[in-house]
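Throughout, read-outs are computed from the coordinates displayed, never taken from laboratory work. Everything numeric here is computed off the predicted structure, so don't read it as measured data. Backbone-built Cβ (ideal geometry, glycine too); neighbour counts: all protein chains shown.
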Amino acid sequence: MYRILIVEDDLKIAEAIKEQTKKWDISAHIVENFRNVLTDFMEYQPHIILLDISLPFFNGYHWCSELRKITNVPIIFISSASDNMNIVMAMNLGADDFIAKPFDGTVLIAKIQALLRRTYDFSASIPVLEHRGAFLNTGDDTLLYNGEQIPLSKNEYRILLCLMENKGKIVSRERLMERLWKTQQFVDENTLTVNINRLRKKLSAAGLENFITTKVGSGYLIE
């Protein structure tokens, strides 16, 4: 079942959309915390996003820009501010479509289904892993925190990927070494320590203190 994230502060409109999508076997989640839409996005992992322009705290343009830093999931703007300037602004920020309010529910569903078919019949969404507000995009091997991209070497990315995939679990040094150097049978363990320390320094410099925990005699942990 496809999942849709509804970012709309008019609860009557949001509930109406949710009821409409339910009839077409599309699951919907309505955002309640408009201070941090990215949290709902990460927890719900939607296939498509409906986004209003006028929202509390930050407008839809802000969230479209933030979402486009971490995902290619289709975004449809729904707004009564449907003049050419707003439509062009939305598209330039990465929106896939724009529907003016008030809209017909059947038209909305038709546009949602068409966008889902175009997107997921031919390509998969880019998975993103998140912890403490840091987003690791496995599509382009980038780490984003507070709107800034943190540069990672290939080994640093692989270490972080392995740890974030196993969030809450201890990952042994042996498993990390196997993940990093599959084709090499003999690698100095100090090489892994050097890579871990470099990664920690980069994370700390970006404001992510103690992001990786050492479990003496066991391995490393993100919790």
Loop only by DSSP, 12 or fewer other Cβ within 10 Å of the Cβ. Give me the GluC sites (Glu not before Pro) in region 15-92 that pass, ordered by residue number. E32
Of all the Cα-Cα pairs you can form in the chain, what percent are over 27 Å apart? 42 percent
Apply the a/c threshold of 1.5 to the C-alpha gyration tensor of region 2-120 and tell me whether it is rounded, prolate or oblate. rounded
For the chain, what proportion of DSSP beta bridges, expressed in % and rounded to the nearest 5, is antiparallel? 50 percent
³J(HN,Hα), Karplus 6.51/-1.76/1.60, whole Hz, each residue of region 66-81, x for Gly, Pro: 5, 5, 5, 6, 10, 8, 9, 4, x, 10, 10, 7, 10, 7, 7, 7
For the table K111/K202; K111/K167; K169/K202; K22/K154; K167/K201, the rows whose alpha-carbon distance is greater than 31 Å are K111/K202; K111/K167; K22/K154
